[in-house]
Amino acid sequence: MRKLVSLVEKEVKDLLRDPRIYIGLVVPVVLMPLLGFLMSTSMSSSIEAGAKGLKIAVLDYDKTVLSNAFLNLSRSLGADVKSINVADIETAVGEARNLGSTALIVIGRGFENDLVNFRRASVEVYVVMETMSLGSIGAYSAVEGLLSVSSKIFSNMLISKLNPSISPDVVREPFNVSTRSILKDKIIEVPPQVLFNQLLMGYSIMIPLLLLMLSITVVQFAATATAVENEEKTLETLLTFPVTRYDILLAKLLGSSILAVIGSILFTGGFILYFNNMLAMSGFNFPVGDVSQLLPSPPPESFILLAVSLILAILFVTSLGVAIGALSSDVRMANSLLGVIIVPIMVPSFLMMYGDLSTLPLSLKLLVYALPTSYPIMIAKDMVMTPISLEAILGIPYSAALTVLVLYATSMLLAPEKLLTIQYRLRLRGSRRRQIKELETSLQ
Amino acid sequence: MEAGSIVAVRNLVKRFGDLAAVDGVSLRIEKGEVFGLIGPNGAGKTTILRIMATLLLPTSGYVNILGYDAVKEAGKIRPFISYLAEDAGTYRNLSGREYLSIVARIYFDSDTEASKAVEEAIRISGLGDRVDDRMKTYSKGMKRRLQIARALMTKPRLAILDEPTAGLDVFHAKHIREVVSRHVKEGGTVVLSSHNMLEVEYLCTRVAFIHRGHVIFEGAPEEIKNELGASNLEEAFIEVTSR
């Protein structure tokens, strides 16, 4: 134990003080909230700018009391309305642009006549798209809002004219719908959309994303820590110490996992701040927090299953990271080889994040089931919505067996004889490839 | 194993693919000796030392270290040996003291013994206060001195040193030679490789000339010089290899 603790101390201290590592740990905490703040500020200011300075040019072909009432109503709602008097639309568009208007509204002939005869009146809207920014979306939303409010006021007027004793709201929306959701036989007093927003954000995106980040971080740390040993020529010395290769492997797994957990906590903090900044933006007011209290609590054994599957997934990817690092003569080579591991880890996570496992084709399903990193995500999703599936439960002994196999294979790789021979072969292959390239270049 | 021998190597062969790095080497190193392996680059010296350090497995032949089979009982050998690789690196982000302390705690069960070993290593390395600085700030020579100190602080029964004074200036090289001599006087045994013939002549009780994976001559420096009529080991080596 004393030897293992010493080795873990070495791993953690060396990794934690490595700029390549701690920058990776600290950056999300600083960058993600900053990114959220910048994005929300930029989006809010663009949308506000689009809505506040709403300038509208109106080409009124009808010139009646009601068309004039529409213009006055628009002004009373805060829009800067300019009337233009030209013969055709093209000239009107040019005029609207010269006036700096956000949109041109064309009130067709017969506007008043159609309304008083309870027919739909024609209104054409031309939105000026100055930039492909959120400002344009804001301007368009403001025009839509203006037309919607105007339409409602005109509708109230028409309904009251037909029968002053009835409520226009009842005519427009005769059903008073209140929707509730049923989850695991429990009625939740919120509509599915609100629940979906919460579950989608929390269980279908946040948890898989965090698990994915944890997996990638841990595999990177393990690969870097081992590749640095090769690069700095310390692994050879380490392998002559009176420690078993299992101690060395376990120390690397523990050291990398400790740092990955720290990294994930920092990443989660950064991610929450990012979302807080984004959600604080006007128009994004989800009813966060209240809904989670209404959800049925997952059974305690599901947390145990989640923890076990998570530990197995971390051990699995870390041992792969150690293997990659051991085979790499330096950190650069390890980073190149990491892609081979990271992509298969990422694919199932994304498949489960955005899709339903049961609807996937068999080949993709097999890919998901083959990886121990899939099971924590599966369990996390099942915890709230349904009982834990049999596949997820069976995944635990399967992951354990596969992880033990990978750990054993990685520990075998830490035998200097094998390591030096494989590294020698890899270098030989690399130099042969370089020689072929040089030959090809010289022949061209 | 032959009585009193710390190392016994018989018909050692190590092949890397088609290349025979070591080809039929037999050696015997007695307790209290400083045994030198001399030879040009690629002669097979480092491969022999790596096999003795239980890092590599022989293709064929027999290697016995401290009474244990180097292939079957490597785990039993490791607590009693220490190996200094020619290009041994350091952990950039640890201080010299932290590194020595971690290694000492691996070798010693008691904290007192570990602390004593660290203090001894600091003395051997001559790093002074710099021992508390991160190792990435060390010069090549400082790193080497620290590694030699690490290798000797555990009082190994067999120290395997590959080019121990490579990269050191004359003053520090002399200091390290004295440290190695003292280690042997205190009961240790050393096998080393070196390009520096003067160093080998000064330090070693016996030497073996290695050439193309073979031992081509073996004996005490004085015996070799007398036998070959050479004034120093360098001349003797050239004489033997040019035959």
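Peptide B:106-116 has a mean shielding of 2, counted as Cβ atoms of other protein chains within 10 Å of each residue's Cβ. Partner shielding of A:224-233 amounts to 2, given as the average count of beta-carbon atoms from other chains within 10 Å of each residue beta-carbon.
Using the average count of surrounding beta-carbon atoms within 10 Å as a protection proxy, the listed peptides B:224-234, A:354-364 rank, highest first, as B:224-234, A:354-364.
Taking amide H positions as modeled 1.01 Å from N, with prolines and chain starts lacking one, the residues under 5 Å from B:VAL22 and 5 or more places away or on another chain are B:LYS14. For chain B, the longest principal axis of the C-alpha atoms and the axis of helix B:170-185 are separated by about 80°.
With a Förster radius of 51 Å applied to the C-beta separation of A:ARG120 and A:VAL30, the computed FRET efficiency comes to 0.40. First check a/c for the stretch B:5-241, with a ≥ b ≥ c the square roots of the eigenvalues of its C-alpha gyration tensor; if it is under 1.5, answer rounded, and if not, answer prolate when a/b is larger than b/c or oblate otherwise. Because a/c hits 1.5 or more and a/b exceeds b/c, the stretch B:5-241 counts as prolate. A simple spin-label model places the labels of A:ARG180 and A:VAL347 4.5 nm from each other, with each point 7 Å out along Cα-to-Cβ.
Counting only residues at least eight positions apart within a chain, or on another chain, the aspartates and glutamates with an alpha carbon under 13 Å from that of A:LYS252 are A:GLU9, A:GLU11, A:ASP14, A:GLU229.
Maximal additional length on extending the A:MET129-A:SER148 stretch stands at 4.8 nm, based on 0.36 nm per residue less the C-alpha distance.
The B:GLU227 and A:LEU402 beta-carbon pair, evaluated with R₀ = 51 Å, returns a calculated FRET efficiency of approximately 0.20. Highest mean first, the peptides A:54-66, A:85-97 sorted by other C-beta atoms within 10 Å per residue fall in the order A:54-66, A:85-97. Annotation: amide H of A:ILE56 within the under-5 Å range of A:ASP80, A:VAL81, A:LYS82, A:THR102, sequence separation 5 or more or interchain, hydrogens built in the peptide plane. Karplus-derived 3J(HN,Hα) values for the stretch A:396-412, using 6.51 cos²θ - 1.76 cosθ + 1.60 with θ = phi - 60°, are 5, x, 5, 4, 4, 5, 5, 5, 4, 4, 5, 4, 5, 4, 5, 5, 5 Hz; glycine and proline are entered as x. Taking the DSSP bridge list for chain B and keeping only pairs wholly inside it, about 55 percent are antiparallel. Listed by chain and number, the lysines whose alpha-carbon sits under 19 Å from that of A:LYS63, ignoring those within fewer than 8 places in the same chain, are A:LYS82. Taking 0.36 nm per residue of separation and subtracting the current Cα-Cα distance, fully stretching the chain between A:VAL308 and A:ASN98 would add 68.9 nm. The H on the amide N of A:ILE188, modeled in the peptide plane, is under 5 Å from the matching H of A:SER181, A:ILE182, A:LEU183, each at least 5 residues off or on a different chain.
Lysine pair count for the stretch B:5-241 (Cα-Cα distance under 18 Å; residues 8 or more apart in sequence or on different chains): 10. For the pair A:VAL86 and A:ASP169, a Förster radius of 41 Å applied to the C-beta separation gives a FRET efficiency near 0.55, rounded to the nearest 0.05.
Each residue, B:LYS116 and A:LYS233, gets one label point 7 Å from its Cα in the Cβ direction; the gap between the two is 3.3 nm.
Residue by residue, the stretch A:2-7 carries 3J(HN,Hα) couplings of 4, 5, 5, 4, 4, 5 Hz when phi is fed to the Karplus relation 6.51 cos²θ - 1.76 cosθ + 1.60 (θ = phi - 60°); x denotes Gly or Pro.
Per-residue mean of foreign Cβ neighbours for B:133-139 is 1 (Cβ atoms of other chains, 10 Å radius).
Just to confirm the number: angle between the C-alpha axis of helix B:111-125 and the first principal axis of chain B, 0 to 90 degrees, nearest 10? Here the helix axis deviates by roughly 70 degrees.
Coordinate-derived values only; no laboratory data. Not measured: the values here are computed from a predicted model. No Cβ is skipped: glycine too gets one built from the backbone with ideal geometry, and neighbour counts run over all protein chains shown.
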